[in-house]
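Here the structure comes first, spelled out in structure tokens, and everything after it is commentary.
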Amino acid sequence: MVTQPVLILSGPNLDLLGDREPEIYGPATLDDHVARAVARGAELGLTIDHIQSNSEAELVEAVHSARSTVAAIIINPAALTHYSWSLHDALAAFAGPVIELHLSNPAARESFRHQSVVAPVATGTIAGLGGHGYQLAVDAVAAMLT
């Protein structure tokens with residue numbers, strides 16, 4: 001079986017999951033979420049790579065590199081969701097599916113979280129479903145790539 005590569009990108013502060021505001025983001029760590037996504041990807045013929053960075057520039061570079069190496073991107077841009085036009089532009093130049101992912105529901109939170117500059121260049125958005133969103137994003141990508 002030939003597998004298709006998918007990149008999961010995780011933005012600032014997601015490395016603190018499990019410790020940071022568990023009442024909002026839950027008790028699971030980022031490694032827990034990624035492990036579930038990798039397992040689901042393997043079931044669906046996808047190889048999942050993951051990059052977490054607290055640096056906007058590193059995430060933009062990862063998207064640039066992904067243009068020639070992966071079939072799809074799943075991105076939880078975290079706080080960059082609301083203001084990173086450089087991430088927006090990088091994702092706009094990516095030809096494959098892009099799934100925007102959020103553990104919490106930004107629309108149900110503070111007003112500054114209501115706008116996403118990533119949404120206009122994403123194929124779809126999954127929000128508010130906690131860690132289950134990672135598996136749903138992998139399912140969505142698999143469906144789009146077949």
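Things worth noting here:
- The single condition among (1) surrounded by 15 or more Cβ atoms within 10 Å (Cβ to Cβ); (2) touching a Ser or Thr at 6+ places or on another chain (Cβ under 8 Å); (3) closer than 24 Å to LEU145 by Cα that THR3 does not meet is (1).
- Taking segment 8-17 as the range and being surrounded by fewer than 22 Cβ atoms within 10 Å (Cβ to Cβ) and not in a helix (DSSP H, G or I) as the test, the residues that pass are PRO12, ASN13.
- VAL141 fulfils the conditions (1) within 18 Å of GLY26 (Cα to Cα); (2) in contact (Cβ under 8 Å) with a residue 40 or more places away in the chain except for a single criterion, (1).
- So ARG20, is it surrounded by fewer than 22 Cβ atoms within 10 Å (Cβ to Cβ), of a type in the set (Lys, Arg), farther than 24 Å from MET144 by Cβ and more than 14 Å from the chain's Cα centre (by Cα): yes
- Restricted to segment 107-126, and to residues there that are part of a loop (DSSP other than H, G, I, E, B) and either modelled with pLDDT under 90 or among the acidic types (Asp, Glu) (or both), the residue that is nearest to ILE51 (Cα to Cα) is SER116.
- Residue count, segment 71-83 (criterion: surrounded by fewer than 22 Cβ atoms within 10 Å (Cβ to Cβ) and outside any helix (DSSP H, G or I)): 2
- All of (1) under 16 Å from LEU129 (Cβ atoms); (2) outside any loop (DSSP other than H, G, I, E, B) hold for ALA28 with one exception: (2).
- When SER68, SER104 are checked against the criterion of being of a type outside the set (Asp, Glu), outside any helix (DSSP H, G or I) and buried (at least 16 other Cβ atoms within 10 Å of the Cβ), a single residue qualifies: SER104.
- Complete set of residues in segment 31-65 that are assigned to a loop (DSSP other than H, G, I, E, B) and under 18 Å from GLU100 (Cβ atoms): SER53
The values are calculated or read from the model by the stated rules, or taken from the named source; none is laboratory data. Just so we're clear, the structure is a prediction, and the values are computed from it rather than from any experiment. For neighbour counting, all protein chains shown are included, and Cβ atoms are generated from backbone atoms with ideal geometry for every residue, glycine included.
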